[in-house]
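Values quoted throughout were computed directly from the atomic coordinates according to the rules given, and no laboratory measurement underlies them. Since this is a predicted model, take the numbers as computed values, not measurements. Don't worry about glycine lacking a Cβ; one is built from the backbone with ideal geometry, like all the others, and counts go over all protein chains shown.
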Amino acid sequence: MAAWASAGVSLPHSAAAQYGVTSRVDSGSLIPGDLVFFYSPISHVGMYVGGGMIVHASNPGTGVVMEPLAGYWMSVFVSGGRV
């Protein structure tokens, strides 16, 4: 939300609401800047940064981290979202 706000794009706060205002993108078509949504119901969101990597706020104690989309995150991946 903050990254897109710095580019002048307003997004709702919750992951589910962000899912509702973005266009669907499958995992093979992700480009840097696409949002990536996880779990059903949607309850977590990150941003694809390219090279198979995402950034997301894993929890308040850890803060923002960069991790591969492959593995665990792909197992709970629902869809990408293009702003």
Cβ pairs under 9 Å, 6+ apart or interchain, first in the stretch 1-29 and over 11 Å from VAL83 (Cβ atoms), second charged (D, E, K, R), ordered by first then second residue, are ARG24/ARG82; SER29/ARG82
Within the stretch 7-59, restricting to residues that are part of a helix (DSSP H, G or I) and touching a strand residue (DSSP E or B) at 6+ places or on another chain (Cβ under 8 Å), the one that is surrounded by the fewest Cβ atoms within 10 Å (Cβ to Cβ) is SER29
